[in-house]
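Working notes, structure below.
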Amino acid sequence: MTLDADVTDAHHVHQALADCAMNNAPASAAGTPPVLPNELTSVRRETHAAEFEGAPHDAGWRASDALRISDELHRIAFDQAPTGMAYVGTRQRFTQVNERLCEITGYSAAELLLMPIAQLTHPDDRARDEPLLSAFLSGAALTYENEKRYVRKDGGVRWVAVTARTVADARGQPVHRVSVIRDITEHKQN
């Protein structure tokens with residue numbers, strides 16, 4: 001489920017790529033999509049028709065075709081990942097979550113999109129989490145990695161390993177963060 005919030009979500013990023021490819025990018029060799037300009041380094045797509053099985057190798061093949069396929073591949077990978085996955089906005093709220101994260105937390109996607117992320121972290125883990133999160137949010141750390149407890153909707157506790165990375169725009173400004181959340185409860189109990 002996706003929430004159009006205060007940040008650019010994946011759809012808007014992909015749309016910007018398509019617009020750029022269709023309007024501004026120079027055409028490359030016949031049968032391949034145009035090369036996208038370097039301004040979109042945070043999400044640059046260096047796709048060529050040959051990368052997709054069955055892709056036509058004629059002038060009718062356009063960047064929008066490659067983008068559509070890329071979007072579909074991303075959606076499938078995100079939705080079917082065996083780990084929790086989420087996009088997080090600059091205000092520390094989820095903007096998109098997958099079903100596995102819902103299973104880990106016990107919350108529906110709609111509920112997760114409306115709650116501050118810090119609400120999931122166990123109160124006893126917040127003080128330890130704060131310096132790591134602050135370094136990540138300030139840009140001092142490129143990634144965020146931490147093992148902590150999430151409090152589920154039913155009050156149960158799950159241990160999770162969270163890894164996150166910032167996605168920036170062409171000016172280097174954060175637009176969202178991509179988080180991968182693994183349930184490690186069984187490992188912690190052994």
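The values are calculated or read from the model by the stated rules, or taken from the named source; none is laboratory data. None of the values given here were measured: they were computed from a predicted structure. Virtual Cβ from ideal backbone geometry, glycine too; neighbours counted across all protein chains shown.
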Is there any pair linking a residue in the stretch 123-138 that is within 13 Å of Thr166 (Cα to Cα) to one that is in a helix (DSSP H, G or I) and among the hydrophobic types (A, V, I, L, M, F, W, C), with Cβ under 9 Å and at least six apart or on different chains, and which? Leu133/Ala118
Among the candidates Asp79, Asp65, Asp124, single out the residue that is modelled with pLDDT of 85 or more, over 15 Å from the mean Cα position of the chain (by Cα) and assigned to a helix (DSSP H, G or I). Asp124
Any idea which of (1) assigned to a helix (DSSP H, G or I); (2) more than 14 Å from Ser179 (Cα to Cα) is the one Leu133 doesn't satisfy? (2)
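Consider Tyr107 carefully, then state whether it is in a strand (DSSP E or B) and closer than 16 Å to Met85 by Cα.
Values: in a strand (DSSP E or B): no; closer than 16 Å to Met85 by Cα: yes.
Judged against the criteria, Tyr107 is not a match.
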Only listed residue being touching a residue at least 40 places away in the same chain (Cβ under 8 Å) and either hydrophobic (A, V, I, L, M, F, W, C) or surrounded by fewer than 23 Cβ atoms within 10 Å (Cβ to Cβ) (or both), chosen from Arg91, Arg75, Arg68: Arg91
Quick one: would you say Val97 is under 23 Å from Asp169 (Cα atoms), within 13 Å of the chain's Cα centre (by Cα) and modelled with pLDDT of 95 or more? yes
Could you grab me the full set of residues in the stretch 108-127 that are polar (S, T, N, Q) and crowded, with 16+ Cβ neighbours inside 10 Å? Thr121
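Quick one: how many residues across the stretch 145-190 are outside any loop (DSSP other than H, G, I, E, B), within 17 Å of Val88 (Cα to Cα) and free of Cβ contacts under 8 Å to residues at least 24 places away in the same chain? Write out each step before concluding.
Step one: list which residues in the stretch 145-190 are outside any loop (DSSP other than H, G, I, E, B), which gives 145-151, 157-168, 174-183, 185-189.
Then drop every residue that is not within 17 Å of Val88 (Cα to Cα), which leaves 145-146, 150, 160-168, 174-182.
From the residues that got through so far, the ones that are free of Cβ contacts under 8 Å to residues at least 24 places away in the same chain too are 145-146, 161-163, 165.
Within the stretch 145-190, residues that are outside any loop (DSSP other than H, G, I, E, B), within 17 Å of Val88 (Cα to Cα) and free of Cβ contacts under 8 Å to residues at least 24 places away in the same chain number 6.
Which one of these is farther than 21 Å from Gln80 by Cα and among the basic types (Lys, Arg): Arg149, Arg182, Arg165, Arg158? Before the answer, list the steps.
Details: Arg182 fails: farther than 21 Å from Gln80 by Cα; Arg165 fails: farther than 21 Å from Gln80 by Cα; Arg158 fails: farther than 21 Å from Gln80 by Cα.
Result of the check over Arg149, Arg182, Arg165, Arg158: Arg149.
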Thr105 polar (S, T, N, Q) and either touching a Pro at 6+ places or on another chain (Cβ under 9 Å) or surrounded by 15 or more Cβ atoms within 10 Å (Cβ to Cβ) (or both): yes
